[in-house]
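K.L.:
Submitted below is the structure of interest, expressed as structure tokens.
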Amino acid sequence: MKKQFPIWLGFALALILLPQIFDTVLGISILNQMTIWIIFALSYNMLLGQGGMLSFGHAVYFGLGGFMSVHALNLIADEIIVFSITLIPLVGGAVGLLAAVFIGSFSTRKSGTVFAMISLGIGELIVASSLIFADFFGGEAGVTGDRTYGPPFFGIEFLQDAEVYYLGAFWLFVATLFMYLFTQTPAGRMANAVRDNPERAEFIGYSTRRVRFISFCAAGLFAGVAGGLFAINYEFITEENLNALTSGRVLLMAYIGGLGFFIGPIVGAVILTLMNSLLSNYSEMWMLYLGIMFLLTVLFLPRGFAGFIMMHQTAWQNRRLGTLILPYLITAIPASLFLAGFVGLVELSHKGDDTLSFFGLILGTESMLSWGILLTLTGIGALGVKLSGPRLDAAWVLANTVRSDNGGDAQ
Amino acid sequence: MAEVFVFATLNGLVTGLLLFMLASGLTLIFSMMGVLNFAHASFYMLGAYFAYTLSTYIGFWGGLLIAPLIVGGIGAAIERYGLRRVHQSGHVAELVFTFGLAFLIEEAVQFFWGRDTKNYQSPELFDFALFSLFGQEFSAYRGFMIAIACLIFAALYFILTRSRVGIIIQASISHPQTVANLGHNVPLIFMCVFGVGTALAGVAGVIAGPVLTTFPGMATVLGSIVFVVVVIGGLGSLPGALIASLLVGLLQSYAIAADVGVPELLNQFGVSFDSSHPLDDLWTLNLPQVAPVLPYLLLVLVLIFKPTGLMGNREE
């Protein structure tokens, strides 16, 4: 922990300084979303990355925490209870924990496909019942609240998004710290052991079910905290926040970021939030790109973006990271040509009678020239990647070869 | 009462057999490769969309013949270039891959065909009532659906248990290495099974498209229910899939048809509640409302008490 103190300090400083750098309305709103999704993705990683439990219904804990938090906001507004809204995430967390204790008591008996199926079933069950119990879940319209009531926190009434951001950042820091500390506890370590080899863990005398149950409850708790933050930030919550869409989204975040690493889900949550908020302004097709990106990640980067960065550790230790820069750049040029061409093709085919402005060019759907330009671009890009690939491979092998003392290369 | 019962049974039968068409392919793929194909319902959707496009050129029957072939081809290609690669990273990665595939296919369908509902119609040949009972008509198309589903079950069962191909497939499920040593190309068999499984889903899509409407959300509507069916029936068991499909289909159909709820039940015991109670929603619950929940409830119960499913013998 002592060794990592600078990292945590840097993290805290970054959280404090980020809204000063991105101080537009959009910037703050994106940062607010990030605080929510990072906590949620990290909690998901406790299940899948650290505990080896693939869940298709993690949004249940997020959503239930969120719903209860909005109801808590309303109780504060009606002056039925007196409670500071700064502590609302704790309400969400408690609800998430309660739900996880109940559901985990039977679902953690098995991991793998059985666990995945139970999580899917429970998820659908809760979504279906959310439409039945219209009083609590508000039917299809959802429930709305108001965060500005209740006793002010040192004069702050959370009227502005920036104030909400700092509240979120505080909870993000606390939650991240606790989730990291959890990985260092015997329970966290045993979760890894049970993930990798449940049989051996049983042989040393641990109940795999109990180990999974502990991770599951912790994950539910932090998902609830994220749900509570969601409630404060958006002041409303609907059935969509506990259905398969949100469950799938958090899976995407954790997987794209990288499951095996603590920082992975953070990277994934940041990437997806950025894509969601920025890309959706430019293109209706951003979900299609997201789907393609996800499949490519699963196929070629099974350890996610964080894993991709970590792959360079050997090269770094060999002090040969520099030799990789040029080959990377050479491959990156045709790759970006291919990407630009492909995106252009996708966008143009969806324009109808409209025109597409593409790097200063005005392309129309009727003109064969437009299609020709984009197809050529894509083709040249693909060819370039294919030609430069072997060189990159060779450079990669060389950079990862351990350097022996006499200056020669040893395998 | 008899009238409601008969039609609920018939509707349940149609839904159940439709579910079976999807579940049979899914369970075949599972027993072979040990992977639950999350995107299975997406192939069903692809079947409906391809058939819709084809039907505008060559009519319904051409679509019924060709669309499943296209879907099966796509499925085989995905197995060859996608799943086989992910297989090395383990079952979780495979499951996540098919999950991503389902996501991508839904987006791709919206990209190529748009977000609106397609006007995909059943052929005019079936525009008559097969029979009428208690003054209600049972359309010939539904009869056709039942016939096709029964045909598929019979053909699959025959091929798997009576033919040489079936013997090789069954052997590759339990002893892939021995089969490979005998000179069979096991990866090719896997690819073909995946292709056939997805093509079956395609057939279901072609047939269900006109009845259940062809729109981009049709995979989501059926996707998780099909999962429920194969898990309840027991992963990898074809008869189990049939029983579970019918069970789920009938259960939902009866629940929708039966107009009873908690108030009626409580009235039997002479209890009634004030309608302004905070738990009002709970007292006024009735069966049609609960119908969508029932399959999932059944799934969770089965998984808790008999994780192998009704007819399954396979446990991880």
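The values are calculated or read from the model by the stated rules, or taken from the named source; none is laboratory data. The structure displayed is predicted, hence computed values, not measured ones. Positions of Cβ are backbone-derived with ideal geometry, glycine not excepted, and every protein chain shown enters the neighbour counts.
K.L.:
Where in region B:114-227 are there helices (runs of 4 or more DSSP H), lying wholly inside it, with at least 2 residues that are touching a residue at least 12 places away in the same chain (Cβ under 8 Å) and charged (D, E, K, R)?
P.N.:
Those helices (runs of 4 or more DSSP H) do not exist here; none qualify.
K.L.:
Also, I was wondering about something else. Pick from B:GLY309, B:GLY261: which is in contact with a Leu (Cβ under 9 Å, 6 or more places away or on another chain) and either closer than 30 Å to B:ILE159 by Cβ or modelled with pLDDT of 85 or more (or both)?
P.N.:
B:GLY309
K.L.:
Can you find, within region B:228-241, the residue that is nearest to the chain's Cα centre (by Cα) among those that are surrounded by fewer than 24 Cβ atoms within 10 Å (Cβ to Cβ) and more than 13 Å from every other protein chain (Cβ to nearest Cβ)?
P.N.:
Of everything passing the filter in region B:228-241, B:LEU238 is nearest to the chain's Cα centre (by Cα).
K.L.:
Among A:LEU245, A:LEU290, A:LEU299, A:LEU221, which is the only one that is within 12 Å of chain B (Cβ to nearest Cβ), part of a helix (DSSP H, G or I) and under 16 Å from A:TYR61 (Cα atoms)? Don't jump to the end; show me each part of the working.
P.N.:
Working: A:LEU290 fails: under 16 Å from A:TYR61 (Cα atoms); A:LEU299 fails: under 16 Å from A:TYR61 (Cα atoms); A:LEU221 fails: within 12 Å of chain B (Cβ to nearest Cβ).
Checking each option against the conditions leaves just A:LEU245.
K.L.:
Let me ask something else about it. Of all residues in region B:207-227 being hydrophobic (A, V, I, L, M, F, W, C) and over 23 Å from B:PHE103 (Cβ atoms), which is farthest from the chain's Cα centre (by Cα)?
P.N.:
Here the residue is B:VAL211.
K.L.:
In addition: In region A:224-240, how many residues are assigned to a helix (DSSP H, G or I) and buried (at least 24 other Cβ atoms within 10 Å of the Cβ)?
P.N.:
Count: 9.
K.L.:
Within the bounds of region A:367-383, is there any residue that is outside any helix (DSSP H, G or I) and either surrounded by 16 or more Cβ atoms within 10 Å (Cβ to Cβ) or modelled with pLDDT of 70 or more (or both)?
P.N.:
Yes, region A:367-383 contains a residue that is outside any helix (DSSP H, G or I) and either surrounded by 16 or more Cβ atoms within 10 Å (Cβ to Cβ) or modelled with pLDDT of 70 or more (or both).
K.L.:
Something else: Go through A:ILE330, A:ILE325 for me and flag whichever is out of contact with any helix residue (DSSP H, G or I) (no Cβ under 8 Å at 6 or more places or on another chain) and either part of a loop (DSSP other than H, G, I, E, B) or assigned by TED's automatic domain parsing to the domain that holds A:ASP354 (or both).
P.N.:
Criteria check complete, one pass: A:ILE325.
K.L.:
Out of A:ARG195, A:ARG209, I need the residue that is in contact with a Lys or Arg (Cβ under 6 Å, 6 or more places away or on another chain) and assigned to a helix (DSSP H, G or I). Which one?
P.N.:
One residue alone meets the criteria, A:ARG209.
K.L.:
Among the residues in region A:250-257, are any over 20 Å from the mean Cα position of the chain (by Cα) and in contact (Cβ under 8 Å) with a residue 60 or more places away in the chain?
P.N.:
no
K.L.:
Select, from A:THR183, A:THR148, the only residue that is assigned to a helix (DSSP H, G or I), more than 14 Å from every other protein chain (Cβ to nearest Cβ), over 30 Å from B:ALA291 (Cβ atoms) and of a type in the set (Ser, Thr, Tyr).
P.N.:
A:THR183
K.L.:
Is there a residue in region B:90-106 that is closer than 30 Å to B:PRO123 by Cα and away from chain A (no Cβ under 14 Å)?
P.N.:
For region B:90-106, residues closer than 30 Å to B:PRO123 by Cα and away from chain A (no Cβ under 14 Å): absent.
K.L.:
I've got another one for you. Give the residues of region A:253-271 that are part of a helix (DSSP H, G or I) and buried (at least 24 other Cβ atoms within 10 Å of the Cβ), sorted by residue number.
P.N.:
The first filter runs over region A:253-271 and keeps only residues part of a helix (DSSP H, G or I), leaving A:253-257, A:264-271.
Residues satisfying the conditions are A:MET253, A:ALA254, A:TYR255, A:ILE256, A:GLY257, A:GLY264, A:PRO265, A:ILE266, A:GLY268, A:ALA269.
K.L.:
Only residues that are at pLDDT below 85 and in a helix (DSSP H, G or I): list them for region B:31-48, please.
P.N.:
Matches in region B:31-48: B:SER31, B:MET32, B:MET33.
K.L.:
Follow-up question, since we're still on this one. If I ask for residues that are within 14 Å of another protein chain (Cβ to nearest Cβ) and free of Cβ contacts under 8 Å to residues at least 24 places away in the same chain, which ones from region A:266-287 would you list?
P.N.:
Of everything in region A:266-287, those that are within 14 Å of another protein chain (Cβ to nearest Cβ) and free of Cβ contacts under 8 Å to residues at least 24 places away in the same chain turn out to be A:MET275, A:LEU279, A:SER280, A:TRP286, A:MET287.
K.L.:
Does A:MET311 satisfy the condition of being modelled with pLDDT of 85 or more and aliphatic (A, V, I, L, M)? Please lay out each step first, then the result.
P.N.:
Details: modelled with pLDDT of 85 or more: no; aliphatic (A, V, I, L, M): yes.
Taking the combined requirement at face value, the residue does not satisfy it.
K.L.:
Continuing with this model, one more query. Give the residue, chosen from A:LEU13, A:LEU97, A:LEU47, A:LEU54, that is assigned to a helix (DSSP H, G or I) and within 14 Å of chain B (Cβ to nearest Cβ).
P.N.:
A:LEU47
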